[in-house]
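**Student:** So that we are looking at the same thing, I have put the structure below in structure tokens.
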Amino acid sequence: MPAPALPVVLEGSGPLIRAIEARDAEIRDALGTVGGVLLRGYDVESVEAFRAFAAGFGHPLLSYEFGSTPRSKVEGGVYSSTEYPAHREIPLHNEQSYTRDWPLRIWFHCVTASPEGGATPLADSRAIYRALDPALRDKFATRGLRYVRNFGNGLDLPWTKVFDTDDRSAVEAYCRDHAIDFTWKEDGELRTSQLCQAVAKHPRTGEDVWFNQAHLFHVSGLDEVEREVLLDTVGEDELPRNVYFGDGSPIPDADLDAVRAVLEAEKVSFPWQAGDVLMLDNMLIMHGREPYAGPRKVVVAMAEAHGMNKAT
């Protein structure tokens, strides 16, 4: 029997909150096997109703910490989707897989569906792990990844926004608690460096997953013009973000081109309908965003923190 399509679509009616009790077993089964559930046709009368649904699975909603892209807080535990130019694609990724701590669950609610484009592509992180060349996969898994970020200076998010504080001591405490190396530069800006995973093992299913954002952070993710301008302007050491192997050695462009080819081959997509709610296992399923035109509003909630051991 072929595997169910991603995402599993559960259609219904009435208030969304009732789907937790009425379809709890279906939702949990789909999340543990396929990894994604789309609830369609239910009444979601407000963002608060969406928040209550996400919170109804028994875990407090998480704040968006150490973010790599701009988001706006909508209300308690609910954020805007990534605020990125509409004409640009957001490549597939697992939420916060560039850190050592991430949410296991993530929900998306389509308040307004774009009239043109704006779909959310998905891909199975297990299938990507299996499809990658074993030698390439093992090189990443063995060596790990080191993400380097230079905040502010008009090139990336300011550190005050990323850490939601202007208190340097609070930033330093967060970094120490999350095994993030940090340096305050002479201009008052911040550089961080963090050793993270390239692959991970799902805590419930025991399956290996490809789990990182090297293809997004690496300088090869920029188009040729952007790359040339940034390197000429600030140099590699001052790029807003970049990623290396865990020992600090460079990652060849060709390695990440091979990763991107597998992501593209495994990608599936579905068009949003207003009122849709998508629930994903964040370790099993990657998500992204296709370019769009016209109005579009999708909000996000996350829960169930998980990750590598924090620094002691």
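**Student:** Taking Cα pairs under 8 Å and at least six residues apart, what relative contact order does segment 128-261 come out at, in percent?
**Tutor:** Dividing the mean separation by the residue count of segment 128-261 yields 33 percent.
**Student:** Between 0 and 90 degrees, rounded to the nearest ten: what's the tilt of helix 134-143 against the longest Cα principal axis of the chain?
**Tutor:** Tilt relative to the chain: about 60 degrees.
**Student:** Can I ask one more? Rounded to two decimals, what ratio of Rg to Rh does segment 194-312 give with C-alpha atoms and a Kirkwood Rh?
**Tutor:** Rg divided by Rh gives 0.99.
**Student:** Can you give the accessible area per residue of segment 128-261, in Å², using a 1.4 Å probe? Walk me through the numbers on the way to the answer.
**Tutor:** Numbers: 6500 Å² over 134 residues.
Per-residue value: 49 Å².
**Student:** What's the magnitude of the charge dipole for the chain around its Cα centre, counting Lys and Arg as +1 and Asp and Glu as -1 at the beta-carbon? Answer in Debye, nearest 20.
**Tutor:** Here the size comes out at about 740 debye.
**Student:** Report, to the nearest 10°, how far helix 224-233 tilts away from the longest principal axis of the Cα atoms in the chain, using its own Cα long axis and a range of 0 to 90°.
**Tutor:** For 224-233 against the chain, the angle is about 40 degrees.
**Student:** Would you compute, from DSSP H runs of 4+ residues alone, the mean residue ellipticity of the chain at 222 nm, taking -39500 (n - 2.57) per run and dividing by the full residue count, rounded to the nearest 500? Intermediate results must be reported in sequence, preceding the final value.
**Tutor:** On the way: 9 runs with 84 residues, N = 312.
Using -39500 (n - 2.57) per qualifying helix, the result is -7500 deg cm²/dmol.
**Student:** Please report the carbon-and-sulfur percent of the accessible area for the chain; probe 1.4 Å, protein heavy atoms only, DNA, RNA and ligands left out.
**Tutor:** Values: 7160 of 13980 Å².
Roughly 51 percent, rounded to a whole number.
**Student:** Calculate the translational D of segment 183-232 in whole µm² s⁻¹ from Stokes-Einstein, where the hydrodynamic radius comes from the Kirkwood formula applied to all Cα pairs, the temperature is 10 °C and the viscosity 1.306 mPa s.
**Tutor:** Details: Rh = 14.1 Å.
Translational diffusion coefficient: 113 µm²/s.
**Student:** Take the Cα pairs of the chain, get the Kirkwood Rh, then feed it into Stokes-Einstein at 4 °C and 1.567 mPa s and tell me D in µm²/s. It would help to have the intermediate numbers written out before the result.
**Tutor:** Working: Rh = 20.3 Å.
It comes out at roughly 64 µm²/s.
**Student:** What percent of all Cα-Cα pairs in segment 128-261 falls in each 10 Å bin, counting up from 0?
**Tutor:** Whole-percent P(r) values from 0 Å outward: 11, 38, 33, 17, 2.
**Student:** Of the peptides 224-236, 199-211, 243-255, how do they stack up when ordered by the mean number of other Cβ atoms within 10 Å, highest first?
**Tutor:** On the way: 224-236: 11.4, 199-211: 17.4, 243-255: 15.3.
Going by the mean number of other Cβ atoms within 10 Å, highest first, we get 199-211, 243-255, 224-236.
**Student:** I need the Debye-formula profile for segment 99-186: one equal scatterer per C-alpha, no solvent, reported as log10 I(q)/I(0) at q = 0.10, 0.19, 0.22 1/Å, two decimals.
**Tutor:** -0.50, -1.09, -1.12
**Student:** How much length, in nm to one decimal, is gained on full extension between ALA131 and ASP257, taken as 0.36 nm per residue of separation minus their Cα-Cα distance?
**Tutor:** Stretched fully, the ALA131-ASP257 segment lengthens by 44.0 nm.
**Student:** With charges set only on the Cβ (+1 for Lys and Arg, -1 for Asp and Glu), what does the dipole of segment 1-160 come to about its Cα centre, in debye to the nearest 20?
**Tutor:** Value, rounded to 20: 660 debye.
**Student:** Mind pulling the angle between the C-alpha long axis of helix 253-266 and the longest principal axis of the chain? Nearest 10 degrees, somewhere in 0 to 90.
**Tutor:** 0 degrees
The values are calculated or read from the model by the stated rules, or taken from the named source; none is laboratory data. Everything numeric here is computed off the predicted structure, so don't read it as measured data. We place every Cβ from the backbone using ideal geometry, glycine too, and count neighbours over all the protein chains shown. The protein model used for the area step is the full one, side chains on, heavy atoms only, and it has no ligands, DNA or RNA in it. Shrake-Rupley method; radii C 1.70, N 1.55, O 1.52, S 1.80 Å.
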